[in-house]
Every structure is written in C-alpha cells, then in structure tokens.
Amino acid sequence: MNVRLHIERLVLDGIDVTPVQRTALVGATEAELGRLFSSNGLPDQVASGFSVPSADGGTIRQATSGFDSVAFGHEVARAIYRGMGGSRETGGSRGTGGTGETGKGGRGE
C-alpha cells in the first residue's frame, strides 16, 4: 500500500527553530509518521481518502531541559496522526515539544 500525505503548512506556535533544527524536525516528523502508518495502519477515516482544511493535534509540552528537534518531530508526527483520527496510543519514544496546530490538508491513498 502506498500512502501520500501532503501537509501544505505546519504551524508551531511559540517555537523558534534554527534552519538546522528545522531540517532535523522535518526529518524526524516524516520518519515517525512512516513508523505510525506502518505499525498502526491508516486511521479508518483516512483509508478511503481524506482531505481536511486543518487538523488540530492538540498541545505538545516542551521540555524544560532544552529543545530536542528529533523528539519534538516525533511528538509533532503523533499529533498529526491523532488529528487524522489515529489512536492516542501511538507508541514510540516520548519526546519534547511546544504547542502546535498540525496539518493543513492530508490525503491517504
């Protein structure tokens, strides 16, 4: 099965990242989304095609010990997955984060 997910814009309020952190965050988000789809499958509402103007994945708390781009990217991916109707029990490592409005337009095929 092939899945194509297009996120036009990802808004992360209150988070300032450097270009290097952004690259790591994007890579970690993509990798974790792939892991979630592989291990948990597509959420039911997505399996036959899915498109929304926006999805709110909730709040992600940022660790007080510093910003970890990879852990934050994993949390962002889990928030996106939840916003698509995926299970809250997504497994994986527990990372750090801030707040985020996740996803603008998603489609599973």
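The table below lists the values:
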{"quantity": "Residue ranges of helices (runs of 4 or more DSSP H) in the chain with at least 2 members in contact with a Pro (Cβ under 6 Å, 6 or more places away or on another chain) and modelled with pLDDT of 75 or more", "calculated": "none"}
{"quantity": "Search result, residues across segment 10-19 that are in contact (Cβ under 8 Å) with a residue 12 or more places away in the chain and either loosely packed, with under 10 Cβ neighbours inside 10 Å or β-branched (Val, Ile, Thr) (or both)", "calculated": "Val11, Asp13, Gly14, Ile15, Val17"}
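The values are calculated or read from the model by the stated rules, or taken from the named source; none is laboratory data. Note that the structure is a prediction, hence the values are computed from the model and not measured. Glycine also receives a Cβ, built like all others from the backbone with ideal geometry; neighbour counts cover every protein chain displayed.
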